[in-house]
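Everything below concerns the one structure shown next.
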Amino acid sequence: METRYRMTRTQVLRLLKAQGTPQNRKVYARHGVKGPSFGVSYANLGKLTRRIKMDQALAESLWKTGNHDARVLATMIADPEAMTARKLDSWVRSIDNYLLADAFSSLASRTPSAQQRMEKWTKSRDEWVAACGWNILARLVSLENYPDRYLERFIRTIEDRIHRSRNRVRHSMNAALIAIGGWNERVRRKALSAARRIGTVEVDHGQTGCKTPDAAEYIQRMSARNQASRARG
């Protein structure tokens with residue numbers, strides 16, 4: 001049996017520091033990263049993740065450093081089964097940028113309390129907590145078997161609240177609406193109608209070239225691809 005080599009926090013931080021670049025730090029800063037960061041590329045974070053595999057103790061130790069790259073790596077090596085609701089609540093409250101929110105949401109969506117946290121966080125007044133909640137919903141739509149009425153409730157909530165929600169929450173709600181629009185034909189029609197009534201969703205992406213997609217257009221393209229795929233058999 002292969003023996004797995006366990007890395008320490010000190011070793012990981014040393015590697016992250018060596019792999020960071022000034023250019024990546026500038027890029028991350030433009031994407032809203034304000035705290036300490038080495039500027040490690042996601043390609044290198046992926047390589048390190050494959051080397052470490054899953055290590056919950058190390059993940060928790062890295063998260064406590066407050067370093068952006070260490071925290072992103074923590075979300076990649078954490079054990080979803082070990083992420084309790086209390087621990088998820090603790091981590092989400094310290095998020096302050098959308099890159100980390102996206103990475104954390106990917107982890108949270110694979111935990112036992114994903115749906116419970118999603119339902120709680122989507123109601124939050126905190127920008128990053130709410131954004132994570134909607135991010136998780138967008139991911140869960142492809143993983144869970146929800147009743148149509150359950151998803152239709154979120155469509156109504158998105159239509160009612162999206163334009164008066166905080167900046168990154170609007171982006172995440174828009175993504176959730178698109179994901180819901182890929183559920184089935186009945187839900188797709190409702191999501192598409194809501195997207196058309198919502199219209200353009202204005203999101204400030206800062207000094208980046210990122211854009212928030214037009215949900216109605218995206219849902220229609222997604223539906224066309226699905227129909228073409230079914231036609232091909």
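I'm trying to understand the selection: among the residues of segment 178-210, which are at pLDDT 95 or above, out of contact with any helix residue (DSSP H, G or I) (no Cβ under 7 Å at 6 or more places or on another chain) and among the charged types (D, E, K, R)?
189, 202
Suppose we filter segment 185-212 for residues that are within 23 Å of the chain's Cα centre (by Cα) and farther than 19 Å from residue 160 by Cα; how many remain?
Result for segment 185-212: 8.
So that you can scan it fast, the table gives a plain yes or no per residue for (1) touching a Lys or Arg at 6+ places or on another chain (Cβ under 8 Å); (2) touching a residue at least 40 places away in the same chain (Cβ under 8 Å); (3) in a helix (DSSP H, G or I); (4) surrounded by 22 or more Cβ atoms within 10 Å (Cβ to Cβ):
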position: 54; (1), (2), (3), (4): no, no, no, no
position: 57; (1), (2), (3), (4): no, no, yes, no
position: 63; (1), (2), (3), (4): yes, no, yes, no
position: 66; (1), (2), (3), (4): no, no, no, no
position: 69; (1), (2), (3), (4): no, yes, yes, yes
position: 75; (1), (2), (3), (4): no, no, yes, yes
position: 96; (1), (2), (3), (4): yes, yes, no, no
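Of everything in segment 109-123, what is under 16 Å from residue 150 (Cα atoms) and of a type in the set (S, T, N, Q)? Give them in sequence order.
115, 116, 122 - these are the residues of segment 109-123 that are under 16 Å from residue 150 (Cα atoms) and of a type in the set (S, T, N, Q).
Given the structure, is residue 107 part of a helix (DSSP H, G or I), closer than 19 Å to residue 80 by Cβ, within 18 Å of the chain's Cα centre (by Cα) and modelled with pLDDT of 95 or more?
Against the criterion (part of a helix (DSSP H, G or I), closer than 19 Å to residue 80 by Cβ, within 18 Å of the chain's Cα centre (by Cα) and modelled with pLDDT of 95 or more), residue 107 qualifies.
In this structure, is residue 152 surrounded by 11 or more Cβ atoms within 10 Å (Cβ to Cβ), among the acidic types (Asp, Glu) and more than 28 Å from residue 96 (Cα to Cα)?
yes
The values are calculated or read from the model by the stated rules, or taken from the named source; none is laboratory data. All values derive from a computational prediction rather than experimental measurement. So basically every Cβ, Gly included, is an ideal-geometry build from the backbone, and we count neighbours across all protein chains shown.
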